[in-house]
Amino acid sequence: MSILFVISAPSGTGKSTILRDARRTDPQLAFSRSYTTRAPRGPERDGVDYHFTTKEDFERRAAAGEFLEFANVFGNYYGTHQSEIERAAAAGCDLVMDIDVQGARQLQKRVVDAVLIFVLPPDRTELERRLRARSQDQPEVIERRLREAKAETTQYDIYDYILINDELDAAVADLRSIIRAERLRRKRMEGPVQRVLGSF
Ligand code: 5GP
């Protein structure tokens with residue numbers, strides 16, 4: 001059985017950078033590719049970064065129950081297709097889902113032993129500095145993101161693990177530790193234990 005890792009974070013926290021390392025270094029991880037109705041940004045490609053689709057198509061799939069979870073984030077739909085779990089299981093991988101807090105709540109109800117991880121910035125000042133440094137957004141968008149960050153952060157208590165991304169290398173090491181520890185849980189070690197027992 002694949003482990004389902006859910007990772008959420010306020011915008012600008014560094015979640016994507018942390019996940020890039022996990023993608024590079026852990027071949028046992030599969031990364032869920034969401035459906036979204038937002039337009040591709042920059043070099044993003046359909047079927048690679050997201051499945052980009054129309055509002056009508058998304059709503060039809062949602063009504064047909066195709067999504068494990070879905071949410072409206074900043075005015076666009078985002079959803080995880082049920083088949084992502086089967087895809088990861090068939091590849092013998094654990095699945096990482098980069099989804100927002102609303103999606104994490106839905107998933108927690110449907111997959112009881114999903115592992116929920118929340119990434120936080122060290123504080124508001126540093127988050128603001130990072131948002132300004134990437135100079136991608138207008139000042140009013142930055143203000144909005146900071147307000148949303150606060151609202152999301154107050155929901156930290158649905159998550160199992162908290163990563164504070166103060167120093168990137170430390171946050172990356174913490175994520176690896178969480179993944180490793182979850183894989184070593186007794187309930188997930190039945191196979192190896194039985195092999196050891198069988199050798200006696
Ligand atoms: P972006 O548009 O910047 O790629 O993503 C915006 C937000 O949508 C991020 O917080 C990301 O975690 C969230 N998101 C991406 N895919 C999904 C999904 O399938 N479900 C949910 N609930 N949120 C998603």
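Every read-out reported here was derived from the displayed coordinates using simple, explicitly stated rules and does not represent laboratory data. Computed from a predicted model, the values in this text were never measured in an experiment. All Cβ positions, even for glycine, are placed from backbone atoms using ideal geometry, and neighbour counts span all protein chains on display.
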Among residues belonging to the range 41-61 that are of a type in the set (Asp, Glu) and more than 15 Å from residue 80 (Cβ to Cβ), point out the one that is farthest from the ligand (Cβ to nearest atom).
-> 56
Kindly establish whether residue 41 is surrounded by fewer than 17 Cβ atoms within 10 Å (Cβ to Cβ), within 30 Å of residue 132 (Cβ to Cβ) and in contact with a strand residue (DSSP E or B) (Cβ under 8 Å, 6 or more places away or on another chain).
-> no
Of the numbered conditions (1) farther than 24 Å from residue 172 by Cα; (2) out of contact with any Asp or Glu (no Cβ under 8 Å at 6 or more places or on another chain); (3) surrounded by 12 or more Cβ atoms within 10 Å (Cβ to Cβ), residue 142 satisfies every one except a single condition; which is it?
-> (2)
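Answer yes or no: is there a residue in the range 120-137 that is under 26 Å from residue 67 (Cα atoms) and not aromatic (Phe, Trp, Tyr).
No; the residues of the range 120-137 include none that is under 26 Å from residue 67 (Cα atoms) and not aromatic (Phe, Trp, Tyr).
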Residue within the range 34-47 that is touching a helix residue (DSSP H, G or I) at 6+ places or on another chain (Cβ under 7 Å) and in a loop (DSSP other than H, G, I, E, B) present = yes
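Could you tell me which of the residues 24, 33, 41 is without any contact (Cβ under 8 Å) to a residue 24 or more places away in the chain, closer than 25 Å to residue 116 by Cα and of a type in the set (Lys, Arg)?
Selected residue: 24, the only one of 24, 33, 41 that is without any contact (Cβ under 8 Å) to a residue 24 or more places away in the chain, closer than 25 Å to residue 116 by Cα and of a type in the set (Lys, Arg).
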Residue that is farthest from the chain's Cα centre (by Cα), among those in the range 20-40 that are under 23 Å from residue 92 (Cα atoms) and within 13 Å of the ligand (Cβ to nearest atom) | 35
Would you point out the residue of the range 76-98, among those that are in contact (Cβ under 8 Å) with a residue 24 or more places away in the chain and not in a strand (DSSP E or B), that is farthest from the ligand (Cβ to nearest atom)?
-> 92
Of the residues in the range 115-136 that are closer than 17 Å to residue 156 by Cβ and within 13 Å of the ligand (Cβ to nearest atom), the one that is surrounded by the fewest Cβ atoms within 10 Å (Cβ to Cβ) is 116
Count - residues of the range 1-19 that are under 22 Å from residue 92 (Cβ atoms) and either assigned to a helix (DSSP H, G or I) or near the ligand (Cβ under 10 Å from one of its atoms) (or both) | 3
Within the range 41-67, which residues are under 17 Å from residue 107 (Cα atoms) and either under 15 Å from the mean Cα position of the chain (by Cα) or of a type outside the set (A, V, I, L, M, F, W, C) (or both)?
-> 65, 66
